[in-house]
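The values are calculated or read from the model by the stated rules, or taken from the named source; none is laboratory data. This is a predicted model, so every value here is computed, not measured. All Cβ positions, glycine included, derive from the backbone under ideal geometry; neighbour counts span all protein chains shown. Remember, those area values only see protein heavy atoms, side chains included, never the ligands or the DNA or RNA. Shrake-Rupley method; radii C 1.70, N 1.55, O 1.52, S 1.80 Å.
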Amino acid sequence: MVTVTFQVLDGLERGQVFANLPTPITIGREEDNDIRLNDERVSRFHAKVQAHSGQVILTDLESTNGTRVNGHPVKMRVLQPGDQILIGRCLLVFGHPDELTNDEDSTSSRLSAHANLGDRTVSLDKQDVEFGTGGSDWDGPPFDLVEELFPNGPPSLPNGLNALQSAQLSDVVAYAHSRLMRVLLAGREEFASDSDGSICLSKATWQQLQRLELHLSQYLEQISDPPAE
């Protein structure tokens, strides 16, 4: 049986360690949850954590305010030790203290980064990024305040796929790769380096990246919410 440990870094339960909980577990505001978080921004049953083939999977249960891992909104994520999960105003870190000690430097820097967000200088404001022809601005956190979603490197490829699933996954990755290559090759002559080291893209090249991001978002939505059989 796979067990999981979560440490609460911030929120009313700050300092608590929910250690060696047998999966599956749920996280939410109700007493029936394995990890109860007393915060009105946490849904009654906010997220679940389950194990499959030795991997630990976090799934958002259609919560009102969503779930973030390392600063990024997610619906489903394979967790790695040291991942920070934001649920409502409660910040949890996944992993037993012994596991995190093995990667103390990177984990400590990530925890201190969360604590020191207010002290950091933001070099990118909303006016720096223009999305599409509608002129709507980015309303999320500044990009340099969002952690890397996969701080331990690229995720592993899934195991045990049949021939059709392998081909379908290969097609999705090949599609993303080909679109990015088109942007890099087409936009190569359009790059203009400024004296401060920033790089500008033409609107047409930027919109190609937007379309790719939309398609990848749709893929993620389909993966996390497969059609009923």
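With the highest mean first, a sort of the peptides 9-19, 157-167 on other beta-carbon atoms found within 10 angstrom per residue produces 9-19, 157-167.
Does the range 3-97 come out rounded, prolate or oblate by the C-alpha gyration tensor, with a ≥ b ≥ c the root eigenvalues, rounded set by a/c under 1.5 and, if not, prolate when a/b is larger than b/c and oblate if not? It comes out rounded by the Cα gyration axes. Gain on full extension, evaluated as 0.36 nm per residue between Val2 and Glu62 minus their Cα-Cα distance, stands at 19.2 nm.
Residues whose amide H falls under 5 Å from that of Val2, counting only those 5 or more places apart or on a different chain, are Thr23, with hydrogens built in the peptide plane.
On the basis of the beta-carbon distance and an R0 of 22 Å, Ser202 and Ala174 show a calculated FRET efficiency of 0.30.
Just need the relative contact order of the range 3-97 here, percent rounded to a whole number, with Cα pairs under 8 Å and 6+ apart.
28 percent.
Were the residues from Asp98 through His72 laid out at 0.36 nm apart, the gain over their Cα-Cα distance would be 6.8 nm. Maximal additional length on extending the Glu148-Ser166 stretch stands at 3.8 nm, based on 0.36 nm per residue less the C-alpha distance.
Overall, the accessible surface of the range 3-97 at a probe of 1.4 angstrom is composed of carbon and sulfur to the extent of 45 percent.
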